[in-house]
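Throughout, read-outs are computed from the coordinates displayed, never taken from laboratory work. None of the values given here were measured: they were computed from a predicted structure. Ideal geometry is used to build each Cβ from the backbone, glycine not excepted, and the neighbour counts take in all protein chains shown.
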Amino acid sequence: MNITNIAVLVSGRGSNLQSIIDNIENGTIPHAYVKVVISDVDGTYALERAQHHGIKAVFVDPNKYENKPGFENEILRIIAQHDVGLVLLAGYMRVVGPTLLTPYKGRMINIHPALLPSFPGLHGQQQAFDHGVKVSGCTVHFVDEGVDTGPIIIQRCVPVLEDDTADVLADRILEQEHRIFPEAVRLFVQGKLTIDGRKVRITD
Ligand code: GRF
């Protein structure tokens with residue numbers, strides 16, 4: 001496995017994928033390569049974005065497989081073809097099962113639009129907004145067996161303003177996602193992250 005070779009799993013618009021690609025292309029993440037983008041949804045804008053940058057873009061249809069291990073084995077097969085050492089979940093809307101996670105434990109990173117461990121799962125921004133928090137934000141973390149429970153790499157706070165709607169808040173959180181996700185990827189590919197139990201040590 002080569003830690004500078006990256007696979008990105010997506011399900012939607014792919015703005016976080018774009019932020020990774022842009023930061024690689026402008027040299028902020030040096031010596032890293034997005035080798036393949038895999039979507040579990042056909043025709044996503046994320047796949048188009050990948051193609052636009054000459055990156056291999058693959059739709060893997062979950063309905064073609066009898067079960068989750070079958071589906072995840074196909075993803076593994078594609079990833080292995082590209083000697084991938086880092087898997088990014090960038091708006092990938094499935095819980096990763098042991099088939100895919102086990103070989104990539106400590107090499108799989110997710111972005112979540114809330115300050116974990118608060119508001120895991122779907123619609124983190126809306127959950128936080130509905131709860132009435134005064135501060136929310138986003139979290140980049142290693143993936144473990146739980147839903148958004150893995151060791152935290154970087155978090156960024158975003159204040160909730162008096163006249164915010166959930167959508168306006170989500171937009172401001174997204175801006176910060178586009179900063180901390182590439183930053184975490186840079187730290188990983190430069191070998192500056194060490195997982196120590198629940199803690200991620202950063203030596204930058
Ligand atoms: C982001 O808010 C991310 O935090 C969450 O899903 C959304 C994906 O957006 N996991 P995009 O596809 O990267 O634009």
**Report entry** Set 5, 16, 23, 67: member being among the polar types (S, T, N, Q) and surrounded by fewer than 18 Cβ atoms within 10 Å (Cβ to Cβ)
**Finding:** 67
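May I ask you to list the residues in segment 132-153 that are among the hydrophobic types (A, V, I, L, M, F, W, C), out of contact with any Cys (no Cβ under 7 Å at 6 or more places or on another chain) and free of Cβ contacts under 8 Å to residues at least 40 places away in the same chain?
Here is the first cut: in segment 132-153, the residues among the hydrophobic types (A, V, I, L, M, F, W, C) are 133, 135, 138, 140, 142-143, 147, 152-153.
Still in the list and also out of contact with any Cys (no Cβ under 7 Å at 6 or more places or on another chain): 133, 138, 140, 142-143, 147, 152-153.
Matches in segment 132-153: 133 only.
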Query raised in the report: Residues of segment 19-51 being farther than 16 Å from residue 109 by Cα, within 15 Å of the ligand (Cβ to nearest atom) and in a helix (DSSP H, G or I), which ones?
Result: 22, 23, 45, 46, 47, 48, 49, 50
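Based on what the data block shows, is residue 86 in contact with a helix residue (DSSP H, G or I) (Cβ under 8 Å, 6 or more places away or on another chain) and in a helix (DSSP H, G or I)?
Working: in contact with a helix residue (DSSP H, G or I) (Cβ under 8 Å, 6 or more places away or on another chain): yes; in a helix (DSSP H, G or I): no.
Answer is no for this residue.
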Query raised in the report: In segment 169-182, which residues are without any contact (Cβ under 8 Å) to a residue 60 or more places away in the chain, within 18 Å of the chain's Cα centre (by Cα) and crowded, with 20+ Cβ neighbours inside 10 Å?
Result: 170
Requested in this report: Please state which one of 122, 161, 187 is of a type outside the set (Ser, Thr, Tyr) and either surrounded by 14 or more Cβ atoms within 10 Å (Cβ to Cβ) or in contact with a Phe, Trp or Tyr (Cβ under 6 Å, 6 or more places away or on another chain) (or both).
Outcome: 187
Query raised in the report: For segment 80-104, how many residues meet the condition of being more than 16 Å from the ligand (Cβ to nearest atom) and of a type in the set (A, V, I, L, M)?
Result: 5
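Listed here are the residues, each with its yes/no results for (1) closer than 22 Å to residue 58 by Cα; (2) part of a helix (DSSP H, G or I); (3) away from the ligand (no atom under 16 Å from the Cβ).
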{"site": "78", "(1), (2), (3)": "yes, yes, yes"}
{"site": "106", "(1), (2), (3)": "no, no, yes"}
{"site": "111", "(1), (2), (3)": "yes, no, no"}
{"site": "119", "(1), (2), (3)": "no, no, no"}
{"site": "139", "(1), (2), (3)": "no, no, no"}
{"site": "150", "(1), (2), (3)": "no, no, no"}
{"site": "153", "(1), (2), (3)": "no, no, no"}
Report summary line: (1) surrounded by 20 or more Cβ atoms within 10 Å (Cβ to Cβ); (2) of a type outside the set (D, E, K, R); (3) under 30 Å from residue 171 (Cβ atoms) all hold for residue 95 apart from (1)
Requested in this report: Filter segment 8-49 for residues that are within 17 Å of residue 86 (Cα to Cα) and of a type outside the set (Val, Ile, Thr) and give the result.
Outcome: 9, 16, 17, 18, 19, 23, 30, 31, 32, 33, 35, 39
